[in-house]
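Enquirer: If you scroll down you'll find the structure; I have some questions about it.
The values are calculated or read from the model by the stated rules, or taken from the named source; none is laboratory data. This is a predicted model, so every value here is computed, not measured. Quick reminder, even Gly has a Cβ in these numbers, built from the backbone with ideal geometry, and neighbours come from all protein chains shown. Surface accessibility is based on the protein's heavy atoms, side chains included, excluding ligands, DNA and RNA. Shrake-Rupley method; radii C 1.70, N 1.55, O 1.52, S 1.80 Å.
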Amino acid sequence: MKKNKLTNRLFYGFLIIILLSIVTGVVGIFGLASLNSTYSELNQYQQDDTITQNIQTINNLIILLIVSIVVTVLLGIIISTRLTKGTLANLEAALDDAEAASRAKSSFLSNMSHEMRTPMNAIIGMTRIAKNQKEPSEKDLSLDKIDKASNHLLGVINHVLDMSKIEANKFDIHLSSFDFKKLIDEAVNIISVDALDRKINVSLELDGSIPRYIVSDELRISQVLINLLSNAVKFTPNSGSVTLRTKHIGEFLQLEVIDTGIGIPEFRIAHIFDAFEQLESDANRKYGGTGLGLVISKRVVEMLGGKIWVESELSVGSRFSFTIPYIAGEIELLEKTSSFISVPQDINFEEYTMLLVEDVDINREIVISMLEATGINIICVDNGAKAVKKFTDDPDLFDVILMDIQMPVMDGLTATRTIRALDTPKSTSIPIIAMTANVFHEDMEACFDAGMNSHIGKPLLRDKMLALLAQHLIVEE
């Protein structure tokens, strides 16, 4: 409807311009004709050869002007008509594209609302159920479901954040040396639980010529691989199979995820990596998903200098493949760039004291509960100014500081700079770990620039927390 109204307005606008051109031409022609008549009358009374010659020259100019006006009007009509047709065609195509994009985004937002509300409903509902249950085993079952729904919701949020970074051109690539075989094993382990529950066989076909240690972006490659493997498991019926295959092709690695799933209709394959595109709504309702995973995967692979594609047959299965360039890494470099170390779950920190700087009560409670089994002593304050005062009063009391970033009175970055500037030996050596929901690369860089040693994002994961504390309290000693 809007498109038809706009088309009509443009058409009538061009028509008015053409009519005005014609009227102007006609008026000009009549005016010149009148002037020509006047000169003809003068010619009857003037016999001077010079005047006659001038009048003849003027007459020639009048004729030339008349011809020019006629040609101009005709060219104007032709050009305006062609421009009108071309402009209208381009506008109609642009409007069609805009309407298609609007429909896709509306469908995406509807699906996104479903994807976020579904796990949130499970979290709220199972929390209420757990409160009313008396048997420990029943409470544990409810808590397991809450944990699963929470992880699903976190995955949705991460996809949205990644997509926002892509749209803002802030999606960064960071190269480092890492254990490629370990990356493969960890990716498979993540999806193996769901695969086992549905009796889906997951197999590996690894090219032995690929170096164990390579230089690329470990986090992003893992992100793409886990997304493709998760999709393969999700869209594969029970008792099906998923295969991860690696190949060494010149200076490129090729990774393939092959499944015996539902397949993709041929007309969808060309748009499968487009933003806000998913399979039919029935498939969406059955299998879920945000529709962003493949978009993000495509951008990651292209930023790494590779390409991604899919081959699929409906009701037979799909093969998602992607290539990435790489260079062989070194074990020494790997050890220097490794962020976390493996630590036992029963590690003991009884001889250490932590200054926990966090303004939200429940977040302080989570950290205390998470670290309770380690025996570490925790002293809490709720803003940066109190943290600076607490540390200044007794610097040697503390072995590590866990610092939130966004707090009232004084934020974590300012508090860190203030502590680092103190005139005490401990102020420059004490490990300060940023604990924040700000997980973009520029946020982490701001933490390091302020003088922090490490960064851990919210929601907090116990394994990463223990690894960071062990790294700063035990390994660095």
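Enquirer: In nanometres, what is the gap between the two model label sites at residue 144 and residue 379, each 7 Å from Cα along Cα-to-Cβ?
Expert: Taking the simple label geometry, residue 144 and residue 379 are separated by 4.3 nm.
Enquirer: Per residue, what accessible area does segment 379-477 have, given a 1.4 Å probe and all protein chains present, in Å²?
Expert: Numbers: 4490 Å² over 99 residues.
Computed with neighbouring chains in place, this is 45 Å² per residue.
Enquirer: How far apart, in nanometres, would the label points at residue 351 and residue 241 be if each is projected 7 angstrom from Cα along the Cα-to-Cβ direction?
Expert: Label-label distance for residue 351 and residue 241, simple model: 5.5 nm.
Enquirer: Let me ask something else about it. Residue 369 to residue 274: FRET efficiency via 1/(1 + (r/R0)^6), r the Cβ-Cβ distance, R0 41 Å, to the nearest 0.05?
Expert: 0.40
Enquirer: Which cross-chain or sequence-distant (5 or more) residues have an amide H under 5 Å from the amide H of residue 216, H modelled 1.01 Å from N in plane?
Expert: Distant-sequence amide H within range of residue 216: 176, 178.
Enquirer: Sticking with this structure for a sec: If you average the sequence gap of Cα pairs under 8 Å that are 6 or more apart and divide by the length of segment 177-268, what percent do you get for the contact order?
Expert: Result for segment 177-268 is 32 percent.
Enquirer: Can I ask one more? Excluding residue 394 itself, what net charge comes from residues whose Cβ is under 14 Å from its Cβ, given Lys and Arg +1 and Asp and Glu -1?
Expert: It works out to a net charge of +1.
Enquirer: Now, a different point. Once Rh for segment 344-393 is found with the Kirkwood sum over Cα pairs, what is the Stokes-Einstein diffusion coefficient at 37 °C and 0.692 mPa s, in µm²/s?
Expert: The estimated diffusion coefficient comes to 283 µm²/s.
Enquirer: Need one number: nm distance between label points at residue 266 and residue 161, each 7 Å from Cα along Cα→Cβ, rounded to one decimal.
Expert: Between residue 266 and residue 161, the label points sit 4.2 nm apart.
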